[in-house]
Amino acid sequence: MIRALYSSASSMVTQQQNMDIISNNIANTNTTGYKKVRAAFQDLLYSAMEVRRDGQNTNLQVGNASRLAATQRNFEQGALQQTDRPLDFAIDGPGFFAVLHQDGTVRYTRDGSFKISSELVGGQYVNRLVTAQGEYVLDYNGQPIEVDDYGLLPYRLGIVDFPNPEGLAAVGNNQFVETEASGPPMYAGMANVRQGFLEASNVDMAEEVTQMILAQRVYQLSSRMLQAADEMERIANNLRR
Amino acid sequence: MTRGLYTAATGMIHQARRLDTVANNIANINTYGYKKDQVVTRSFSDELLLRLNNRQSPSSQPIGTINHGVTVEEVVTSYQQGILQHTGVNTHMALNGPGFFTIITDDGERYTRDGSFMLDSLGYLVTADGWPVAGETGPIYIGTEDFTVDSMGYIFVNDQYVDRLQIVDFEDPQALRKAGHNLFINSDPDNQILDYQGEVMQNYIEGSNVDAVKEMVEMVTATRNYESNAQIIRMIDETLDKTVNEIGRV
């Protein structure tokens, strides 16, 4: 059978995945602290069209289409939006807020729209800084942050950074978890936190739409190619009438 | 006459191979640093036709030459510059001009034009697959600090010189073979490595150099050529049909 048939089919699958990634970016255009993802492609292995026996080093390789190699998250700074709400925080520059997830693990986020949760601890009510999902925001010592009656923060927010933020795994809810690829978290001493601001998503609509058009066109081209390969098969089939 | 049947068949096989290459080019139209392949066509070697049983001369007499079909001579990779796309990611790099980044893999050195690099958990510059990018003194350590790369490939972390990207250019780039994963392998040990003359651009990525229009034209010609070869076979078949079934019928 013609290899082109499989190459174009595989290319269509790849572009479909690309489209999934782009549509997720577009869906998160308004998500606080969202970081856009870009698909990176690679060519697949090459095989020999035919074997020459003359011993000469001739290039007779034919490729087997493309595959999704990686999804790279772009941690470019999003626009800072002024909200004037004292419990909104944005990090200007690299770094993440550390929050304690319900399962006891620490998760990291760029979304600083925090709230206060009043809890009874040891017979006393304490106000703790929490995320929209009710997870404790951690300070530099990895402890939940208590807010005093005046709404002031007596503790410094725990801002951490990673050797390779691109290696973090996204777990939804604007949060990331540490992986082997990201490296261990390190407390970022120089982090610039802005109170009363939120970081908008860094998705650029124009760029996403351009990528979308491109993905769609490549999909279209590949489907044409599939048709052409099919047409060839038809011709070969009808050689003998 | 039956000779033509086989000649037309080689034509069909050849056009199908051309389409395979076109399909691969189109599949990689979105692949960073991809270089398109082109099939070079060659006819089979000429053979001398001789007239036998000639009464006038004792030996056979040459009439002329004939060849029996077409095949792939070789696949040529076009190293034409791809489009430079600005990504704003500081680990992304593109080469403007000929040359390749050197990548250190478990199987030895590989070369690539795909500059979608990133930092690994230890702070080394690596490819999307995790292979380290070679500097002049081995893998390049960047760490967590801000870094810049100048047009000559010198890397500075906090304005301190760290290393230089090992960018190579080959005297005969056609001796390079594609190894998948956007990597090239040098198949000729005698291939001279030249000094890099181009320009490194940080925050940019080189796209594929595949031109959709050209590939579509290639696709159309390949399918039509395939079709005409099929027509020839059908014609010969019909003629054979007449010879076998009609001549001799009373």
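Between B:Glu246 and A:Asp20, the modelled labels are 5.9 nm apart [label points 7 Å from Cα along Cα→Cβ].
Taking a straight line from the alpha carbon of B:Lys35, these lysines sit under 20 Å away, with near neighbours fewer than eight places off in the same chain left out: B:Lys178, B:Lys214. Distance from the alpha carbon centroid of the range A:155-203 to that of the range B:76-152 works out to 25 angstrom.
Normalising the average separation of contacting C-alpha pairs (under 8 angstrom, six or more residues apart) by the number of residues puts the relative contact order of the range A:80-199 at 35 percent.
What value does the range B:84-206 have for Rg/Rh, both radii from Cα atoms and Rh as Kirkwood defines it?
Details: Rg = 13.6 Å, Rh = 14.4 Å.
Here the Rg-to-Rh quotient is 0.94.
Pull up the cross-link candidates among the aspartates and glutamates for B:Lys36, meaning alpha carbon to alpha carbon under 13 Å and not fewer than 8 places away within one chain. In chain and number order, the partners are A:Asp43, B:Asp20, B:Asp211, B:Glu215, B:Glu218.
Kindly rank A:45-52, B:204-211 from highest to lowest mean number of other beta carbons found within 10 Å of each residue. Mind dumping the intermediate values first?
Numbers: A:45-52: 13.5, B:204-211: 21.5.
Put in order of decreasing packing, that is B:204-211, A:45-52.
A P(r) calculated from all alpha carbon pairs of the range A:163-241, with 10 Å bins opening at zero, reads 13, 19, 23, 17, 12, 9, 5, 2 percent.
Across the range A:80-199, counting alpha-carbon atoms alone, Rg and Dmax equal 14.0, 44 Å.
Our estimate of slack between A:Leu120 and A:Val171, defined as 0.36 nm per intervening residue step minus the Cα-Cα distance, is 15.4 nm.
Could you work out the relative contact order of the range B:84-206? I mean the mean sequence separation of Cα pairs under 8 Å and 6+ apart, divided by the number of residues, in percent.
On the way: 283 pairs, mean separation 44.1, N = 123.
Relative contact order here is 36 percent.
For chain B, the alpha carbon positions stretch 97, 38, 28 Å along the principal axes, listed from largest to smallest.
Counting pairs of Cα atoms in chain A, how many percent are more than 28 Å apart? Here the long-distance tail beyond 28 Å is 50 percent of all Cα pairs in chain A. For the segment B:9-22, counting C-beta atoms of other chains within 10 Å of every residue's C-beta and taking the mean gives 5.
Taking a ≥ b ≥ c as the square roots of the eigenvalues of the Cα gyration tensor, the range A:1-52 is classed as oblate, since a/c reaches at least 1.5 and a/b does not exceed b/c. Neighbouring Cβ atoms from other chains, within 10 Å of the Cβ of residues in B:29-36, number 6 on average.
What FRET efficiency comes out for A:Asp84 versus B:Leu50 if R0 is 60 angstrom and r is the Cβ-Cβ distance? Round to the nearest 0.05. If you can, show how the numbers build up before the last one.
Working: r = 98 Å, r/R0 = 1.63.
Plugging the Cβ-Cβ distance into 1/(1 + (r/R0)^6) gives 0.05.
In terms of its alpha-carbon gyration tensor, the range B:172-241 comes out prolate; a/c meets the 1.5 threshold, and the first ratio a/b outweighs b/c.
The convex hull built on the alpha-carbon positions of the protein assembly as shown has an orientation-averaged projected area of 33.0 nm². What lysines does A:Lys115 reach when the alpha-carbon gap must be under 23 Å and sequence neighbours fewer than 8 apart in one chain are set aside? Within reach: A:Lys35.
All of the numbers you see were taken from the coordinates with simple rules; none came from a lab. Predicted model, so just to flag it, every value in this text is computed and none were measured. Cβ atoms come from the backbone with ideal geometry, glycine included; neighbour counts cover every protein chain shown.
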